[in-house]
Amino acid sequence: KVAESFHMLASLYPGRVDLGMGRAPGGQAHASMALSGNFIENIAQIPDKLRAITELLEQNYEYDGYPVTARPIPPEPPELWMLGTNSKSAAYAAEFGMGYVFGQFM
């Protein structure tokens, strides 16, 4: 869903759309848990989620051996960025070829 939504935005506004991601849910702990479940489980799934979104945006994603394409396909895919405050987020950004923004304000 995220890849399709950002592909649509990038199709409407080529070269002007970035997709920012982060490990922390933001907001209060109870609100975050109510909206997205167990925070620790979600953190453990981050590498898989980053891999999936990267592959979907690059049109290299497969599910059960079948190619899956997030449509529409924009002239320029959204640029991926990782927001973080530690070396773990920076390492994920490097591993997945994303830009990194240090959240000093946090």
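Quick notes
- Selection over the range 65-79 of residues that are touching a Pro at 6+ places or on another chain (Cβ under 8 Å) and more than 14 Å from Ser5 (Cβ to Cβ) gives a count of 2.
- Pair list, Cβ under 6 Å, 6 or more apart: the range 46-66 residue open to solvent by 30 Å² or more (accessible area, probe 1.4 Å), other residue part of a helix (DSSP H, G or I): Leu56/Ala3; Tyr61/Glu55
- Of the criteria (1) exposed (fewer than 11 other Cβ atoms within 10 Å of the Cβ); (2) under 24 Å from Ala90 (Cα atoms); (3) touching a residue at least 60 places away in the same chain (Cβ under 8 Å), which one Pro75 fails: (2)
- Strands (runs of 3 or more DSSP E) lying entirely in the range 9-106 (those with 3 or more residues that are within 16 Å of the chain's Cα centre (by Cα)): 18-22, 79-84, 99-102
- The one condition from (1) without any contact (Cβ under 8 Å) to a residue 24 or more places away in the chain; (2) in a helix (DSSP H, G or I); (3) open to solvent by 60 Å² or more (accessible area, probe 1.4 Å) that Glu4 does not meet is (1).
- Close pairs (6 angstrom Cβ cut-off, 6 or more residues apart or separate chains): farther than 15 Å from Thr54 by Cα and open to solvent by less than 60 Å² (accessible area, probe 1.4 Å) in the range 88-102, aromatic (Phe, Trp, Tyr) and modelled with pLDDT of 95 or more anywhere: Ala90/Tyr100
- Meets criteria (touching a helix residue (DSSP H, G or I) at 6+ places or on another chain (Cβ under 9 Å) and within 17 Å of Gly20 (Cβ to Cβ)) for Ile73: no
The values are calculated or read from the model by the stated rules, or taken from the named source; none is laboratory data. Nothing here was measured: the structure is a model prediction, and the numbers come from that model. Backbone-built Cβ (ideal geometry, glycine too); neighbour counts: all protein chains shown. Side chains included, ligands, DNA and RNA excluded: accessible areas come from the protein's heavy atoms. Shrake-Rupley method; radii C 1.70, N 1.55, O 1.52, S 1.80 Å.
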